[in-house]
Amino acid sequence: MKENTASSTAYTVLQGLVYIAKCTPHSYLVPDEMRRLGECVLSASEEGRARLSALEKPTIRLKTGIREFIFLPGITLHYILRKRCIEEKTREAIAAGVTQVISLGAGFDSLAFRLSCEFPEVNFIEIDHPDTQKFKADAFDHAAEAQSGLANLKYLDVDFTHQNIEDRLRRFDPFDRSRPTLFISEGVTMYLTEDEVIHMFASIRNLSGAGTRFVFTAVEPRESPRNNTRLALFLYLKLIGEPIKWSMEGPLLPAFLEKQGCKLDAIDATDDFKKRYMAPGRHPRLHYGEYVAVAHFE
Ligand SMILES: C[S@@+](CC[C@H](N)C(=O)[O-])C[C@H]1O[C@@H](n2cnc3c(N)ncnc32)[C@H](O)[C@@H]1O
């Protein structure tokens with residue numbers, strides 16, 4: 001990430017959700033509260049306001065179509081599909097007894113905020129780079145004024161590249177080692193080096209131990225037959241200071257996880273998302289190349 005600026009890709013994901021909700025026939029995929037909170041976070045910064053006003057322009061659909069054609073067909077719809085999947089996995093984990101949810105690299109996602117209102121007995125912690133997190137915490141404080149949320153949602157800033165997640169979380173009072181815990185990492189591992197990803201797994205294992213669940217997204221390598229990302233995207237991400245550093249072929253994931261003391265429970269990818277969340281009928285082109293993995297520590 002570029003120093004002293006919030007993650008550009010975190011803005012892109014959030015703008016994408018609001019775009020799907022306001023400008024496309026797939027608005028049914030975005031719950032009203034997710035859209036409202038998205039607009040609230042975008043309104044809290046200059047960059048976010050510029051992105052909101054871009055959505056009002058009559059050319060927005062054309063521009064989005066061209067950008068996707070050049071870089072990554074279907075990516076805007078993919079953001080909401082992967083969020084729907086992660087929310088479903090999180091709800092399943094809470095129903096199965098998890099009482100602590102920790103989101104690593106939470107960006108401008110609203111899942112922890114929304115669920116913290118719905119599950120007051122569950123402890124939620126959002127961890128993110130300080131440059132991204134400072135915008136969000138303020139924006140959600142405003143949103144919380146009208147709701148009972150936030151008492152059980154805490155923010156911790158950590159730069160995964162320069163700081164040790166394990167040390168930071170161990171010293172963070174709201175973190176409770178004794179609670180059955182789910183860690184989430186959505187749209188983050190690809191921006192970390194392999195060593196940083198391995199450190200993330202080791203930190204979770206050391207902090208929370210056996211039985212801890214981990215739901216994370218990972219991208220397929222560019223040359224994988226399961227990836228429709230174009231070369232132009234890799235060059236663009238490098239240019240904006242968020243290059244892709246780690247990828248993992250789905251079929252190789254179980255062996256990688258085994259080395260981290262983890263077992264794979266499920267991999268859900270685009271065809272699963274389509275079946276579960278999209279209304280039947282003709283679909284636009286979807287993005288292939290990023291999957292949601294569900295694992296637990298042994
Ligand atoms: C694409 S955004 C995803 C945000 C969110 N999880 C979502 O999917 O909506 C990537 C996130 O990773 C975080 N991130 C990237 N590199 C990081 C680092 N070195 N340390 C901490 N966070 C980092 C960014 O701040 C950003 O919030």
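The values are calculated or read from the model by the stated rules, or taken from the named source; none is laboratory data. Source: prediction; values computed, not measured. Virtual Cβ from ideal backbone geometry, glycine too; neighbours counted across all protein chains shown. We work out accessible area using only protein heavy atoms, side chains counted, and drop any ligands, DNA or RNA first. Shrake-Rupley method; radii C 1.70, N 1.55, O 1.52, S 1.80 Å.
Things to note:
- Scope the stretch 201-245; condition under 16 Å from Val292 (Cβ atoms) and hydrophobic (A, V, I, L, M, F, W, C); matching residues: Phe214, Val215, Phe216, Ala218, Val219
- Of Tyr79, Tyr28, all but one fail to be on the phi < 0 side of the Ramachandran plot, more than 16 Å from the ligand (Cβ to nearest atom) and either part of a helix (DSSP H, G or I) or crowded, with 19+ Cβ neighbours inside 10 Å (or both); the exception is Tyr28.
- Hey, Arg51 under 23 Å from Met190 (Cβ atoms), basic (Lys, Arg) and within 20 Å of the chain's Cα centre (by Cα) or not: yes
- Search result, residues across the stretch 181-208 that are assigned to a loop (DSSP other than H, G, I, E, B), open to solvent by 20 Å² or more (accessible area, probe 1.4 Å) and not β-branched (Val, Ile, Thr): Glu186
- Among the residues making up the stretch 86-137, those that are within 12 Å of the ligand (Cβ to nearest atom) and part of a loop (DSSP other than H, G, I, E, B) are Gly105, Ala106, Gly107, Phe108, Asp109, Ser110, His129.
- Scanning the stretch 88-136 for residues that are under 23 Å from Val30 (Cα atoms) and of a type in the set (Lys, Arg) gives Lys89, Arg91, Arg114, Lys136.
- Taking the criterion of being surrounded by fewer than 23 Cβ atoms within 10 Å (Cβ to Cβ) and under 25 Å from Arg49 (Cα atoms), the residues of the stretch 85-128 that qualify are Leu111, Arg114.
- Every test in (1) within 21 Å of His283 (Cα to Cα); (2) without any contact (Cβ under 8 Å) to a residue 24 or more places away in the chain is passed by Glu39 save one, and that test is (1).
- Extreme residue, most open to solvent (accessible area, probe 1.4 Å), among residues of the stretch 158-180 that are out of contact with any Leu (no Cβ under 8 Å at 6 or more places or on another chain) and near the ligand (Cβ under 9 Å from one of its atoms): His162
- Inter-residue pairs, beta-carbon under 7 Å, first within 17 Å of Tyr291 (Cβ to Cβ) and in the stretch 178-200, second open to solvent by 30 Å² or more (accessible area, probe 1.4 Å), 6+ apart: Met190/Ile244; Met190/Lys245; Met190/Ser247; Tyr191/Lys245; Leu192/Lys245
- Screening Pro284 with (1) open to solvent by less than 20 Å² (accessible area, probe 1.4 Å); (2) more than 26 Å from Ala93 (Cα to Cα) gives one miss only, at (1).
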